[in-house]
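Inspection log for the structure reproduced underneath, given as structure tokens.
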Amino acid sequence: KENPSASLGKDRADTVIIGGGCVGVSLAYHLAKAGLKDVVLLEKSELTAGSTWHAAGLTTYFHPGINLKKIHSYSIKLYENLEEETGQAVGFHQPGSIRLATTPTRVDEFKYQMTRAGWHLTEQYLITPEKVQELFPLLNMNTVLAGLYNPGDGHIDPYSLTMALAAGARKYGAQLNYPVQVTNLNAQSDGTWEVETPLGIIRAKRIVNAAGFWARDIGKMIGLQHPLIPVHHQYVVTSTIPEVKALKTELPVIRDLEGSYYLRQERDGLLFGPYESEEKMKLQDSWVTNGVPPGFGKELFESDLDRIMEHIEAAMEMVPVLKKADIVNTIAGPITYSPDILPMVGPHQGVRNYWVAIGFGYGIIHAGGIGKYLSDWILDGEPPFDLIELDPNRYGKWTTTAYTAAKARESYGFNNIVGYPKEERFAGRPTERVSGLYDLLKSKCSMGFHAGWEQPHWFYKPGDETGYKPSFRRTNWFDPVGREYKQVMEKVGVIDLSPFGKFKVKGTDSVKLLDHLFANVVPKVGSTNISHMLTPRGKVYAELTVSQLYPGEFMLVTGSGSELHDLRWIEEKIMRDGYKVEIENMTDEMGVLGVAGPYARQVLQKLTNEDLSDGSFKFLQSRHLKLSDISLTAIRISYTGELGWELYHRKEDSVALYSAIMEAGQKEGIDNFGTYALNALRLEKGFRAWGAEV
């Protein structure tokens, strides 16, 4: 039972976890169980206050991605054994779940997902309408074409789950203190933290923000603007339905994807929760500007059935017994969304020993697995596997409040949208982060979104079907990408590579630092190499190109999605071991153009007096030169596998440089190409991509 201890108990801790929802409590449980001493969790009111206590508690093995499935799977396995381990009942039901396909495109999506199911040990089946009906006899089968069935899915009682994890955490020696509010955080020069509370100060080696929809307020204490926003989520519970009561076994959870709702059995009635569209859904944006009202804990919002009426009607159509049922309860509560619905998990760039586990739209299914993942990372100094999609550093200065709100609206409404390969979503774009060529190119191509940037995916020619038209079959960009591929293979092409992450490193210890960081020799002045940063266990943490431009001055280049992920790792190393170096993030100031193809040298040579011949400017060499009077750093490298250069220049020179190259290449038949053609070219060359094959 609850026995709050409003005392600090100790004034020092190894790890202080801020927030007593299911995620924070799971982390305390896992750290303590792994043997970490001095784990302290601070909760300002009571455990589960916030979003945990009112959650619908769905648990599923399914995730459209690959890595997060591991998190789901671990959570379910943990929840199955928690009662036995802690003596606390958790109310775990596992009747399985079925996603319903009611359109041919949805059937394609299910087939696509089945091809990815072999990566994991969890069971997943594509089932016929007959099998769907056998498992869920109360369905109206008129529109059902197929089902995606996950045995072992179900739901758990979030309050009981959290209490069981709390019992386990205490059993292994963690301290859970509440009601204790964190009022301020002070970073110390040695990387430790002072955590201020009304009951005194705790000195901690590291802090973990797991504060749910208060996470923004905690972040603001140290000058961070976490891109999070509370959304209103409603679900409806019915009274007893005779047809449900008469069933011998519990119904599986249903996800009607076109109707955009989930539905499950709740005792002898049904519970269902919709995700309404971008236009209808409701954000609690006043909390973003003014903070969460003091004292908000186990409160709910006013329910609004009108807002979800079309989903209620869809559910009554699909499960006709609902038409006669009485609604006994409507729960409308806040859940936190990040711009892309995925949580932010791990250490934060720019602040030492500050970790986050925030932005959980699905905290119940993620709590177990994320508690384990973060606990392993904290104890081993490296993550157990790659989950860069949850990296808190995937967002940056470009992630404004307006962007976060627009994206959260879109993401909530898109909860059950078809998940195509190469998916693009358009809300909140473009951000302030555009390359120097954006205005020039935006009407000529289909742009893709990469870490805030807009980057051309493929270019239009007369007669093309333009725009973004994804498919599980042949897409409208198939032929144009083939055309660009041929262009680079046979002639010469230009690509905007400005989204690359770009850092300058210089100082007395720069060579020593890079020698330590990278599993490769440090390149000589005027040379470039591809190097990997390894974790303590020798796994690949990141892949960068390293160029020594002047003695002791280096440029490091990484993919757009790993800019701050890589920068954090390097900064951490500099701080921890006291290297005398300066590192500067040049990503936004510097533009990059790639020029590639058999005629690349011929075109560029027209613009410079510098000798670009193979004898003079070899593969993987770098040098400063002027092209058409524009100063830049040229590196002879190309991800296409063809002859080519990457040209690093000031962003304000991008248009002039691009125009000069296009002008010079008229005779050679120069043209644009985008990242889709680049990807085809590098695959054919056998270049692996970090995050895809590596």
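The values are calculated or read from the model by the stated rules, or taken from the named source; none is laboratory data. Source: prediction; values computed, not measured. Cβ placement follows ideal geometry from the backbone for every residue including glycine, while neighbour counts extend to all protein chains displayed. Only protein heavy atoms, including side chains, enter the accessible area calculation; ligands, DNA and RNA are left aside. Shrake-Rupley method; radii C 1.70, N 1.55, O 1.52, S 1.80 Å.
Numerical summary
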{"quantity": "So residue 292, is it crowded, with 18+ Cβ neighbours inside 10 Å, touching a residue at least 60 places away in the same chain (Cβ under 8 Å) and not in a helix (DSSP H, G or I)", "calculated": "yes"}
{"quantity": "Flag if residue 687 is of a type in the set (Phe, Trp, Tyr), modelled with pLDDT under 95 and either in the same structural domain as residue 493 (by the TED database) or touching a Pro at 6+ places or on another chain (Cβ under 7 Å) (or both)", "calculated": "yes"}
{"quantity": "Qualifying position, being modelled with pLDDT under 95 and of a type in the set (D, E, K, R), among 130, 123, 109", "calculated": "123"}
{"quantity": "Which numbered condition residue 476 fails, given (1) assigned to a loop (DSSP other than H, G, I, E, B); (2) under 30 Å from residue 261 (Cα atoms); (3) out of contact with any strand residue (DSSP E or B) (no Cβ under 7 Å at 6 or more places or on another chain)", "calculated": "(2)"}
{"quantity": "Residue within region 76-91 that is more than 29 Å from residue 367 (Cβ to Cβ), of a type in the set (A, V, I, L, M) and at pLDDT 95 or above present", "calculated": "no"}
{"quantity": "Single residue of region 162-188 satisfying the filter (open to solvent by 30 Å² or more (accessible area, probe 1.4 Å) and within 31 Å of the chain's Cα centre (by Cα)) that is farthest from residue 24 (Cα to Cα)", "calculated": "188"}
{"quantity": "Whichever residue in region 391-422 is among the aliphatic types (A, V, I, L, M) and surrounded by fewer than 22 Cβ atoms within 10 Å (Cβ to Cβ) and, among such residues, is farthest from residue 63 (Cα to Cα)", "calculated": "402"}
{"quantity": "Any hit, region 602-609, residues being touching a Leu at 6+ places or on another chain (Cβ under 9 Å), within 27 Å of residue 458 (Cβ to Cβ) and either crowded, with 19+ Cβ neighbours inside 10 Å or in the same structural domain as residue 529 (by the TED database) (or both)", "calculated": "yes"}
{"quantity": "Residue check for residue 529: within 28 Å of residue 674 (Cα to Cα), not hydroxyl-bearing (Ser, Thr, Tyr) and not in a helix (DSSP H, G or I)", "calculated": "yes"}
{"quantity": "Residue match in region 63-77 (condition: of a type in the set (Phe, Trp, Tyr) and crowded, with 23+ Cβ neighbours inside 10 Å)", "calculated": "no"}
{"quantity": "Test: residue in region 127-145 that is aromatic (Phe, Trp, Tyr), touching a residue at least 24 places away in the same chain (Cβ under 8 Å) and open to solvent by 10 Å² or more (accessible area, probe 1.4 Å)", "calculated": "no"}
{"quantity": "Subset of region 305-351 that is surrounded by 21 or more Cβ atoms within 10 Å (Cβ to Cβ) and part of a helix (DSSP H, G or I) - its residue that is farthest from the chain's Cα centre (by Cα)", "calculated": "322"}
{"quantity": "Selected residue (criterion: nearest to residue 613 (Cα to Cα)) from residues of region 634-675 that are open to solvent by 30 Å² or more (accessible area, probe 1.4 Å) and of a type in the set (Ser, Thr, Tyr)", "calculated": "639"}
{"quantity": "All positions within region 396-414 that are out of contact with any Phe, Trp or Tyr (no Cβ under 9 Å at 6 or more places or on another chain) and under 19 Å from residue 345 (Cα atoms)", "calculated": "396, 397, 399"}
{"quantity": "Count of region 323-338 residues which are of a type outside the set (Gly, Ala, Ser), in contact (Cβ under 8 Å) with a residue 40 or more places away in the chain and more than 24 Å from residue 371 (Cβ to Cβ)", "calculated": "7"}
{"quantity": "Some residue of region 501-508 being more than 30 Å from residue 395 (Cβ to Cβ), free of Cβ contacts under 8 Å to residues at least 12 places away in the same chain and out of contact with any helix residue (DSSP H, G or I) (no Cβ under 8 Å at 6 or more places or on another chain)", "calculated": "no"}
{"quantity": "Residue among 613, 631 that is in the same structural domain as residue 495 (by the TED database), open to solvent by less than 60 Å² (accessible area, probe 1.4 Å) and either modelled with pLDDT of 95 or more or among the β-branched types (Val, Ile, Thr) (or both)", "calculated": "613"}
{"quantity": "Every residue from region 59-109 that is in a strand (DSSP E or B), in contact with an Asp or Glu (Cβ under 8 Å, 6 or more places away or on another chain) and either over 14 Å from residue 160 (Cα atoms) or without any contact (Cβ under 8 Å) to a residue 12 or more places away in the chain (or both)", "calculated": "59, 97, 100, 101"}
{"quantity": "Region 488-511, subset among the hydrophobic types (A, V, I, L, M, F, W, C) and in a strand (DSSP E or B), residue nearest to the chain's Cα centre (by Cα)", "calculated": "503"}
{"quantity": "Sole exception among (1) charged (D, E, K, R); (2) surrounded by fewer than 21 Cβ atoms within 10 Å (Cβ to Cβ); (3) in contact with a helix residue (DSSP H, G or I) (Cβ under 9 Å, 6 or more places away or on another chain) for residue 256, by number", "calculated": "(2)"}
{"quantity": "Test: residue in region 233-250 that is assigned to a helix (DSSP H, G or I), of a type outside the set (A, V, I, L, M) and in contact with a helix residue (DSSP H, G or I) (Cβ under 6 Å, 6 or more places away or on another chain)", "calculated": "yes"}
{"quantity": "The lone exception for residue 112 - which of (1) over 27 Å from the mean Cα position of the chain (by Cα); (2) surrounded by fewer than 19 Cβ atoms within 10 Å (Cβ to Cβ); (3) touching a residue at least 40 places away in the same chain (Cβ under 8 Å) it fails", "calculated": "(1)"}
{"quantity": "Test: residue in region 464-477 that is surrounded by 21 or more Cβ atoms within 10 Å (Cβ to Cβ) and at pLDDT 95 or above", "calculated": "yes"}
{"quantity": "Only one of 544, 514 that is under 24 Å from the mean Cα position of the chain (by Cα) and buried (at least 19 other Cβ atoms within 10 Å of the Cβ)", "calculated": "544"}
{"quantity": "Conditions (1) crowded, with 17+ Cβ neighbours inside 10 Å; (2) in contact (Cβ under 8 Å) with a residue 24 or more places away in the chain; number of the one not met by residue 625", "calculated": "(2)"}
{"quantity": "Among (1) closer than 22 Å to residue 263 by Cα; (2) open to solvent by 30 Å² or more (accessible area, probe 1.4 Å); (3) more than 26 Å from the chain's Cα centre (by Cα); (4) of a type outside the set (Lys, Arg) - the single one residue 149 does not satisfy", "calculated": "(3)"}
